[in-house]
Structures are given as structure tokens and as C-alpha cells.
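The values are calculated or read from the model by the stated rules, or taken from the named source; none is laboratory data. Predicted, not measured: the structure shown is a model, and the values here were computed from it. Neighbour counts are summed over all protein chains in view; Cβ atoms, including those assigned to glycine, are modelled from backbone coordinates with ideal geometry.
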Amino acid sequence: MEQAVTADKKRNRSKQSGSTSKKIKKLASSTIYHVLVTLFGIVMIYPLLWMIMSSFKESSSIFRDADNLIPETFMFENYTNGWKGFADYSFGTFFKNSFLITITATIGAVASGVIIAYGFARFQFKGKNFWFSCMMLTMMLPYQVVMIPQFLIFQKLNWINTILPLTVPHFFGQAFFIFLNMQFIKGIPKEMDEAARIDGCSYYGVFTKIILPMIVPSIITTCIFSFMWRWDDFFGALLYLNKPSSYPVSLALKMFADPSSQSDWGAMFAMSSLSLVPVFLIFIFFQKYLVEGISTEGLKG
Amino acid sequence: MKKVRQQRKPSGGIRAVLCHEQAAGYVFIAPFIIGFMIFTIIPIIASFLLAFTDYDILSKPSFIGLDNFIKMFTADSKFIKSLEVTFFYAVVSTPLRLLMALVVAMILVRPSKLSAIYRAVYYLPSIIGGSVAVAVMWKQIFSSDGVINALLMSVGIPCEQSWLGNKNTAIWVLILLSVWQFGSSMLIFLAGLKQIPRTLYEAAIVDGAGKIQSFFKITLPLLTPTIFFNLVMQTINGFMAFTQSYIITGGKPLNSTLFYAFYLYQKAFTNYDMGYACAMAWVLLVIVASVTAILFKSSGRWVYYESKE
């Protein structure tokens, strides 16, 4: 014991003598670290900054001084021009369509994800492992394999050019969201369910009174991911929507960017920047949940 | 448990059934089973059958045996090209992105007051990276009068070429877009790094191991399960990539960026060659399954699984 103390003292003394040079070294290394990490961060978001800044430049000057990040004068004309949209429909229509599809699909994804997760997490029944494996396999199944028959089914149902093909499937559970909520439900002590059962609660009562209030965080995570993915979804819209009146923003942007329709890059960048706003807001306000969701997704191994 | 259940005998027929554990489990997963049947199983069977037919939506499908598959590998040079391009893209971009993610995660794991901001900045591209807006932006950045050439010019390297117009560089522009989105993998690695017990590193220091040694002997082995899982999932996604090819390059120039999923889409919805497209989808499934199987086979050699005591 005493030996340890003297050894400690010795170490402290030697620390003090070299402390100033060490401090300088530490400061230097931490400065270099922060400078490098910041520089690389700027490189990472430069493309984005460039697009946003360009949306405030005069359309004709965007490519002429592409190497100047900051516009000489900030102008908002691109936004008013872009908002007019094309084919008689403004971006107001496209944003409305996007919100409608995204919110409906998200409601479906959350409701089904939570209900199915409860079934898998809390019940022992015959065939459970089989269905669970089926669910996990759907995560690895290339969408292309089911794409054409699904298209034919929706065509038979006369669902083309409606939001139904883009929303209805989400009411039947998506593997990732089921898995996410399952992990969360498994973290709730089973004794709570059992206590409620003894008090006369049915399984359905346990679900609404015990489980649902406890898994609010994973419900929020589900909402966020579903919202972001649906908002960005482009392929589904490309397959099922072919009237400009029903385009969501993602598809409208693609059509807007077609060289045949126009080349007003200022307006293009303005609408692109605007389309990123909802996802960007989620990113700012719900980062914690995003990180959590991503970690459950990726750490399964 | 069982006794408790027997004591409370629910009254009535349907209620009794619904309150049985077996049945209640099925009630809750019923949406999945129904959806799985309608949106997965029936389409899988249909697409398998259509793969052996000639079908253009308007007329009835006619059975042609293996003709679609034979044509693919013998008479369709565009198909072979798209296969090559997609393989190259998936096999190059996924490891590069994971490597980038790991390196940055190792750098950011060092605690600092600003690390939350750094993490957010590096993560942002992968949040928005899949959107049409970013694809359109990427296209303009690498165009002949885009920001890359402008920046090169300002540091004295005149460059007139369009990165997307050159058949050798176009695919790299798409790979770069994929690597740019390393942020979510980085977060996964950061979470994995935090799970490694500090005591291991302390023990390594006592044993006289340096930083590099403890990285290769502790950090990397303990991360391999995470790396493996992400490698599998992201490689699969790489094979299914569509948006980049469709929006940024349109498969041009000279089909050098013609992704498999894009060519399949063209076959199905431009040429209405649905039978052929279904056959292509099954080839894709076989490829994805084989790649996954190969990765799993190889995992015994390099993935470290902690023995559970």
C-alpha cells in the first residue's frame, strides 16, 4: 500500500516537471485533430451547401461561378419560379401528394409494426419460428422478384394512379419495423404483463395498457424512419403514378430535371432544397432516435 | 403461469378462443401473414411462372420454357453488360463505404466536446443521400461545367471533361455517391466500439501492446460481426441499386452505368417484356443468394464470434 503511494507521488512529480511541454503537445495534437476533422466535414457537406447556395443565385450565373459558394446577392426568385411547377400543377400539389402518401403509409407502418411485434415478442405459438424466419427473409428478398406480379395485381384492382399501391402494403407490416419494435418489447419485464393478466387484463388489454405506453420511443423511431423512407421513395411513384396531378415531390423533381422540360437550374435547385426540408427537420429534432434505430438495425450480428 | 390461465375461464366461444395464447399470438401476427401471402408469396409464385413465358401484358402469357434465360446469357449483350456493371458497383462501393465508415468511426470515437456536431455532419449525407434531390445535385456537380471542374480550375488544373460523359469515370461518380453516404455505417461502428469493454484495452496496455496492436487484436476482431452483417446487407442493396443509374446517368455512356435493376425496369415497363423481366429478377435472386452464401461461408475464417459461456 505504502509503496503504491510513494510510486504515485513519484509519478506526480515527474508529471509536473514535464507538464508544460506535454500541455503544448496535447494542445497541438488536439488542434490538428479538430482542424482535420472540420475540414473533412466541410468537404462532406460542400455539395449540399453548394446546391442550397446556388438556389439563391441568379440562374444563369450558377455554373458560371460554380466555384464561388456564396452568392453575390441572395435572391428568392428561383423559389417563386420553381414553385409554379409544370404541366399546370404547382409544387404545392406535389408536396400535398407527398405528405398524403407519406403520412398514410407511416400510420400503416407504425400500427402494423407494433401489433405484429407484440405477437412475435410475447406469445408462444406453433409455427412462430417459421413465420419469424419468413419475415426476416423478406428483408433480403430483392424487390424486383415481386415487382411485376404486384404491379399486375394493382392494375387488376384499378389502383394505378391512386395512392393505394404506395400505402396499403405498409399496413401489413414491414420486417425492419417489426424487428425494431420487437427488440424494444423484449426489453420490458414480462412480470408486468403477468401482473396485469392476474388483475384480469386480457392480452389485448395488456397490449394497449402496458406495452404501448412503454414503447413510445420505438414508435417514434418507426415513425421517423418510415416518414423519411416514404418521403424519399421514388421508385414506387415511378411505377404507379403517371399523371402529374398525382406526383409526389420526388417524382416531380425528376420530371422537372428532365432536360426536355426545362433547364432553369436555379428553380431546380430551389425545389430540390425545399424537398429536403422535412427530412432535414427530422434530422435536427430527432437525431437521438435516428441513431438508436440505426444501431438496432446494424448491430444484429 | 398455466394455472393462472386456467383459473380465469373467459366466457363465450369466440372470446375463449381469442384469449387462448396460441390463438392470440396468431391474431397479432395476422396482418403479417395476410400481407406476406398477398404481397410476397403469390407474387413470388407468379413471377416464377412468368419467368418461363413470353408476356407483354396485352396478350396472354405463352410458355416458352427456358428461352428467356438462354436469350439472356447468349444473345443479350446489354444484359451481360448490366451484370458486369452492377457486380463492379456492388463489390467496390460497399467495402469502400464500410472502410471509410470504420476509419472515421475510429477517429470520432475519441471523446471531444464537438464530437456530437462532427457525427451529425458526417451522418447528414446518408440521411438525404437516397433522395432525388441529391441525385440531381450530384449530376450537376460532376457535369462538365459543374463545381468539381470549377474547383479544379481555381487550383490551376484545367479540366473540361464531363465526369459523367466518360465511360471510364461515370461509374466512379456513382460509387463516390455511395461512399459519401458512409454516415449510417459509421454510427453503427461507433455504437459497436462503445460496446467493447475498456478492461480489454487496459489489459492490453499492461501486456505492453501498442495502439496499433490493440486495434488489430481487440477492436477489429470484436467488430467483425458488425462488419459482416453490414457487408451482407449493403452488398445486397448494392445489387438492387436503381435510382442513381436512372436519374444521374440514365445508364449512359455506352451502358457503362446501366445497373441491373434499371435494365430490368426498362425491360418490364418500357418494352413490356414482362416474362423476360421476371426471368431477370430470378437471376438477380440467385446472384444475391449466392453472394450471401459465399459471404457466410467465408465468415468462419474472419468473423470472430465470442464464445458464450
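Here residue A:144 fulfils each of the conditions (1) assigned by TED's automatic domain parsing to the domain that holds residue A:187; (2) of a type outside the set (Ser, Thr, Tyr); (3) over 20 Å from residue B:35 (Cβ atoms); (4) touching a Phe, Trp or Tyr at 6+ places or on another chain (Cβ under 9 Å) apart from (3).
Every condition in (1) touching a helix residue (DSSP H, G or I) at 6+ places or on another chain (Cβ under 7 Å); (2) crowded, with 20+ Cβ neighbours inside 10 Å; (3) within 9 Å of chain A (Cβ to nearest Cβ); (4) over 30 Å from residue A:282 (Cβ atoms) holds for residue B:136 except the one numbered (4).
Within region B:37-128, considering only helices (runs of 4 or more DSSP H) that don't extend past its boundaries, which have at least 3 residues that are in contact with a Phe, Trp or Tyr (Cβ under 6 Å, 6 or more places away or on another chain), free of Cβ contacts under 8 Å to residues at least 40 places away in the same chain and more than 21 Å from residue B:176 (Cα to Cα)? First the steps, then the outcome.
Numbers: elements: B:42-50, B:67-75, B:77-108, B:115-128.
Output list is empty.
Applying the selection to region A:65-95, what residues are small (Gly, Ala, Ser), away from chain B (no Cβ under 14 Å) and under 19 Å from residue B:133 (Cα atoms)?
Residues of region A:65-95 that are small (Gly, Ala, Ser), as a first pass: A:66, A:82, A:85, A:87, A:90, A:92.
After this cut, where a residue has to be away from chain B (no Cβ under 14 Å) as well, the list is A:85, A:87, A:90, A:92.
Selection gives A:85, A:90, A:92.
Yes/no matrix, rows are residues, columns are (1) more than 8 Å from chain A (Cβ to nearest Cβ); (2) buried (at least 16 other Cβ atoms within 10 Å of the Cβ):
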| site | (1), (2) |
| --- | --- |
| B:228 | no, yes |
| B:238 | yes, yes |
| B:253 | yes, yes |
| B:284 | no, yes |
| B:293 | yes, no |
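Residues in region A:67-86 that are modelled with pLDDT under 85 and exposed (fewer than 13 other Cβ atoms within 10 Å of the Cβ) were compared, and the one that is nearest to residue A:47 (Cα to Cα) is A:70. For region A:153-170, the candidate set comprises residues that are part of a helix (DSSP H, G or I) and buried (at least 17 other Cβ atoms within 10 Å of the Cβ); within that set, the residue that is nearest to the other protein chains (Cβ to nearest Cβ) is A:169.
When region A:241-290 is examined, which residues are found to be surrounded by fewer than 16 Cβ atoms within 10 Å (Cβ to Cβ), among the hydrophobic types (A, V, I, L, M, F, W, C) and over 29 Å from residue A:65 (Cα atoms)? Matches in region A:241-290: A:281, A:284, A:285.
With a requirement of 3 or more residues that are of a type in the set (Gly, Ala, Ser) and within 11 Å of another protein chain (Cβ to nearest Cβ), the helices (runs of 4 or more DSSP H) lying completely within region A:188-300 that satisfy it span A:249-257, A:265-285, A:287-298. Restricting attention to region B:295-309 and to residues that are assigned to a helix (DSSP H, G or I) and more than 11 Å from every other protein chain (Cβ to nearest Cβ), the residue that is surrounded by the fewest Cβ atoms within 10 Å (Cβ to Cβ) turns out to be B:301.
Where residues in region B:266-282 are assigned to a helix (DSSP H, G or I) and more than 8 Å from chain A (Cβ to nearest Cβ), which of them is surrounded by the fewest Cβ atoms within 10 Å (Cβ to Cβ)?
Keep residues of region B:266-282 that are assigned to a helix (DSSP H, G or I), which gives B:266-269, B:274-282.
Of the ones still in play, those that are also more than 8 Å from chain A (Cβ to nearest Cβ) are B:266-267, B:275-276, B:279.
Details: B:266: 17, B:267: 23, B:275: 25, B:276: 27, B:279: 27.
Result: B:266.
Checked against (1) away from chain A (no Cβ under 11 Å); (2) surrounded by fewer than 16 Cβ atoms within 10 Å (Cβ to Cβ); (3) closer than 30 Å to residue B:78 by Cα, residue B:289 meets all criteria but (1).
One residue is enough: does region A:159-171 have a residue meeting the conditions under 23 Å from residue B:42 (Cβ atoms), more than 23 Å from the chain's Cα centre (by Cα), of a type in the set (A, V, I, L, M) and assigned by TED's automatic domain parsing to the domain that holds residue A:208? Checking region A:159-171: at least one residue is under 23 Å from residue B:42 (Cβ atoms), more than 23 Å from the chain's Cα centre (by Cα), of a type in the set (A, V, I, L, M) and assigned by TED's automatic domain parsing to the domain that holds residue A:208. Residue A:98 meets all of the listed conditions (1) more than 8 Å from chain B (Cβ to nearest Cβ); (2) in a loop (DSSP other than H, G, I, E, B) but one, namely (2). In region B:161-178, the condition of being assigned to a helix (DSSP H, G or I), modelled with pLDDT under 90, out of contact with any strand residue (DSSP E or B) (no Cβ under 7 Å at 6 or more places or on another chain) and in the same structural domain as residue B:98 (by TED's automatic domain parsing) is met by no residue.
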